[in-house]
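Right, one structure below, let's go through it.
The values are calculated or read from the model by the stated rules, or taken from the named source; none is laboratory data. Predicted model, so just to flag it, every value in this text is computed and none were measured. Glycine gets a Cβ as well: all are built from the backbone with ideal geometry, and neighbour counts include every protein chain shown.
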Amino acid sequence: MSTTALFKTNVFIKDWEKDDQWNDSIKTIVNASLMDHVAKTGELKKHSLEDGIPFFTEENMERFEEIKELFEMFVEGFWDLHLSYADENPESKFITRNDIANALMKETGKVPLMEKGDHKKLHTHKRVSAFAIFYLDDVDNEKDGGILRLHDPSFNNLDYFHGHICKDIPTVKHRMIVAPTSVWHEVSPYFGDETRTTVVINLHGKDLDDVLTEKSKGFELTDIKHETGTHARLES
């Protein structure tokens with residue numbers, strides 16, 4: 001028997017084609033949401049920046065078409081990641097794009113803003129199945145740092161039998177990354193003069209588990225074909 005790869009990790013990475021006017025509109029909403037959040041909660045602005053302010057709120061979704069559009073882009077990213085595993089996970093074929101959209105509707109997402117000297121230590125997101133990141137700024141990562149580093153889920157294997165244990169993802173405006181929560185990640189110290197702005201949102205697996213439980217009652221698993229989109233694989 002020859003050596004073969006048994007496990008894989010797929011990550012959705014896409015650079016969306018959006019113009020500067022759209023980006024400026026999103027950032028204007030971010031700034032307004034930040035001021036509104038500080039006024040309502042009494043939190044220090046610095047604390048709100050670090051933790052991220054709620055973004056896909058009911059009010060924002062009703063008022064701003066750009067927010068609705070960005071939300072649908074996130075749905076597309078999670079759906080594409082889901083499809084990339086569909087052939088190997090028969091139960092997942094019960095899940096539809098609308099199911100993922102409904103699950104995400106339960107999340108407000110957040111906008112964490114990084115200032116000079118900030119960083120995000122190595123972490124994962126507890127009790128979620130996947131996470132997504134969308135950049136609103138270009139950053140020269142070689143000069144200013146602030147680069148996203150994804151770790152192979154087997155990165156705890158510090159012996160000789162492993163490949164590259166991490167992958168750096170440059171900060172490019174309108175780039176979206178969607179990955180399973182098994183992919184630990186960090187952001188290196190940021191030294192830029194301008195605020196580094198991202199939008200993030202999680203997908204909770206329990207919401208999809210509830211859908212599977214309901215849909216699978218009294219049915220046999222069937223072979224349903226899906227068309228897959230573009231996804232990247234972290235090679236270990």
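Let's see how each residue does on (1) among the hydrophobic types (A, V, I, L, M, F, W, C); (2) surrounded by 13 or more Cβ atoms within 10 Å (Cβ to Cβ); (3) in contact (Cβ under 8 Å) with a residue 40 or more places away in the chain; (4) closer than 16 Å to residue 13 by Cβ:
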| residue | (1), (2), (3), (4) |
| --- | --- |
| 118 | no, yes, yes, no |
| 121 | no, no, yes, no |
| 129 | no, yes, yes, no |
| 137 | no, yes, yes, no |
| 147 | yes, yes, yes, yes |
| 169 | yes, yes, yes, yes |
| 173 | no, yes, yes, yes |
| 178 | yes, yes, yes, yes |
| 181 | no, yes, yes, no |
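Any idea which of (1) free of Cβ contacts under 8 Å to residues at least 60 places away in the same chain; (2) of a type in the set (Gly, Ala, Ser); (3) more than 25 Å from residue 27 (Cα to Cα) is the one residue 86 doesn't satisfy?
Residue 86 satisfies every listed condition except (1).
Would you point out which residue out of 33, 84, 2 is among the small types (Gly, Ala, Ser), farther than 28 Å from residue 208 by Cα, touching a strand residue (DSSP E or B) at 6+ places or on another chain (Cβ under 6 Å) and modelled with pLDDT of 80 or more?
After applying the criteria, what remains is 33.
Residues are listed down the side, and each one gets a yes or a no for (1) crowded, with 19+ Cβ neighbours inside 10 Å; (2) polar (S, T, N, Q); (3) touching a strand residue (DSSP E or B) at 6+ places or on another chain (Cβ under 8 Å); (4) farther than 22 Å from residue 127 by Cα:
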{"position": "6", "(1), (2), (3), (4)": "no, no, no, yes"}
{"position": "20", "(1), (2), (3), (4)": "no, no, no, yes"}
{"position": "52", "(1), (2), (3), (4)": "no, no, yes, no"}
{"position": "55", "(1), (2), (3), (4)": "yes, no, yes, no"}
{"position": "59", "(1), (2), (3), (4)": "no, no, no, yes"}
{"position": "75", "(1), (2), (3), (4)": "yes, no, no, no"}
{"position": "95", "(1), (2), (3), (4)": "yes, no, no, no"}
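Mind checking which residues of segment 79-111 are in contact with a Gly (Cβ under 8 Å, 6 or more places away or on another chain), among the hydrophobic types (A, V, I, L, M, F, W, C) and more than 15 Å from residue 129 (Cα to Cα)?
Selection gives 111 alone.
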